[in-house]
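The values are calculated or read from the model by the stated rules, or taken from the named source; none is laboratory data. Bear in mind the structure is a predicted one, so any value in this text is a computation, not a measurement. As a convention, Cβ positions derive from the backbone with ideal geometry for all residues, glycine included, and neighbour counts pool all protein chains shown.
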Amino acid sequence: MKKKDAMRQMGSLLVGLLILASIALAKHGSLPGHDFQATTATAHQADNDTLQVLDDGSMVVNTTSIASDIIGYAGTVPLLITIKDNRVEHIKALPNQETEDFFETAAELLSRWNGKTTEEAEALQVDAVSGATFSSKAIIGNVQRGLAYARRAQATIAQPSFDWSVKNIAGILVVLMAAILPLFVKNKTYRFCQSTLNVVVLGLWCGSFLSYTSLMGYMAHGMNPLAVAVPCLMLLVALVYPLIGHKSYYCTHLCPFGSLQYMASRCVSYKVKMGARLVRGLDIFRKLLWCVLMILIWTGVWADWTDYEPFAAFIFQSASWVVIAIAIAFVLLSFVVVRPYCRFVCPMGTWLRICQSSKWRPF
């Protein structure tokens, strides 16, 4: 790679990271090392009303003060979130002014996070209960705010520890295979096998992928490489490989949803013929869509569009039916159109293109 192109590509990477930082700040109000939300105290300065550490090591987060800006139907909906051994043990509602019948309906959500690690709980997509939408959204907002607070507190209290589980080791091995072998092995059989591993191990088993939701969370709250080794390696490949001449490497060889589309496309030989004009038009649509979605986050009009990225369908136990439906629709379309989501929609892929451009044509 020419020195001039390398400098431009480094500049593009910096621009991409600045964009990510700006939307993380817009949605979460924080960046690693500093919380810009006036209502949120830093973990190491937490008072006993907000954070308590019990004798058995459990952490209890009271969201009364840190989520005072989250309103239900009639007012705030404070919660007590108990976390033990990095897992949500239970969530209890504190007194509030919500209509009792509506709140009882929404309160069925409180057990949805039980047993999950703080990382899994933060990534969990929970839909509001029909008939109690305002109370439900207030509960979900309080849980998310409390979990983010607890994670920052854990980072200051506990030493980073590596996850030696079979699942985590398998995920790391699959990422390393995808990062190394395609550089030397150039046949379709291997790629299909690697794609299968990406879908089964990284997607369905580990629930690991790069998405706007996860990246904004890492940018806002920090990323512990030992605790989230698999997504950390995936991000490293996505951002570093283009610097050594391998653009779109993550999208082609690692992304579980991209791999699933590729596998679907191999199952049917017939493909819809798309003219050059149509392809250019769809590419313009992808660019415009990305611009609109970024504006929605920056302006705060609808930052929750990130909850509908199809990647979360791999965590099907907690994914909403809308996300699963979107994922199924694009997989079915992949039988006759090669990787349609990747090529003509994916906001995550568009951001990665911005990060890896060397010609100042980021889209």
Conditions (1) over 28 Å from Asn168 (Cα atoms); (2) crowded, with 18+ Cβ neighbours inside 10 Å -> Asp101 fails only (2)
The correct count of residues that are assigned to a loop (DSSP other than H, G, I, E, B) and either in contact (Cβ under 8 Å) with a residue 40 or more places away in the chain or within 27 Å of the chain's Cα centre (by Cα) (or both) in segment 52-72 is 10
A careful count of residues in segment 152-162 that are touching a Leu at 6+ places or on another chain (Cβ under 9 Å) and either modelled with pLDDT of 90 or more or surrounded by 16 or more Cβ atoms within 10 Å (Cβ to Cβ) (or both) gives 1
Here the residues within segment 122-146 that are in contact with an Asp or Glu (Cβ under 6 Å, 6 or more places away or on another chain) and farther than 18 Å from Gly207 by Cβ are Ser135
Quiz item: If you check Asp49 against the conditions, is it over 25 Å from the mean Cα position of the chain (by Cα) and either at pLDDT 80 or above or assigned to a loop (DSSP other than H, G, I, E, B) (or both)?
Solution: yes
Here the qualifying pairs (Cβ atoms under 8 Å; residues six or more apart or on different chains; first in segment 4-21 and modelled with pLDDT under 90; second surrounded by 15 or more Cβ atoms within 10 Å (Cβ to Cβ) and not in a helix (DSSP H, G or I)) come out as Asp5/Ser358; Ala6/Ser358; Arg8/Ser357; Arg8/Ser358; Gln9/Gln356; Gln9/Ser357; Gln9/Ser358
Within segment 266-280, the residues that are surrounded by 12 or more Cβ atoms within 10 Å (Cβ to Cβ) and touching a Phe, Trp or Tyr at 6+ places or on another chain (Cβ under 7 Å) are Arg266
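Here's the yes/no breakdown for (1) touching a strand residue (DSSP E or B) at 6+ places or on another chain (Cβ under 9 Å); (2) in the same structural domain as Ala327 (by TED's automatic domain parsing); (3) modelled with pLDDT of 95 or more; (4) at negative phi:
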{"position": "Asn142", "(1), (2), (3), (4)": "yes, no, no, yes"}
{"position": "Tyr149", "(1), (2), (3), (4)": "yes, no, no, yes"}
{"position": "Leu181", "(1), (2), (3), (4)": "no, yes, yes, yes"}
{"position": "Leu197", "(1), (2), (3), (4)": "no, yes, yes, yes"}
{"position": "Val201", "(1), (2), (3), (4)": "no, yes, yes, yes"}
{"position": "Tyr212", "(1), (2), (3), (4)": "no, yes, no, yes"}
{"position": "Met223", "(1), (2), (3), (4)": "no, yes, no, yes"}
Over segment 97-132, the set of residues of a type in the set (Ser, Thr, Tyr) and either farther than 24 Å from Ser65 by Cβ or not in a helix (DSSP H, G or I) (or both) is Thr99, Thr105, Ser111, Thr117, Ser130
Matching residues in segment 182-199 (in a loop (DSSP other than H, G, I, E, B) and of a type in the set (S, T, N, Q)) number 1
Filtering segment 68-96 down to residues that are polar (S, T, N, Q) and in contact with a strand residue (DSSP E or B) (Cβ under 8 Å, 6 or more places away or on another chain) yields Ser68, Thr82, Asn86, Asn96
Residue pairs qualifying under the 6 Å Cβ cut-off, at least six apart or on distinct chains, with the first in segment 75-92 being over 17 Å from Asp55 (Cβ atoms) and the second being surrounded by 15 or more Cβ atoms within 10 Å (Cβ to Cβ) and among the charged types (D, E, K, R), are Val88/Lys116
> Is there a residue being farther than 30 Å from Leu236 by Cα, modelled with pLDDT under 80 and in a loop (DSSP other than H, G, I, E, B) anywhere in segment 79-96?
Replying inline: no
Over segment 307-329, the set of residues under 15 Å from the mean Cα position of the chain (by Cα), at pLDDT 90 or above and part of a helix (DSSP H, G or I) is Tyr308, Pro310, Phe311, Ala313, Phe314, Val323
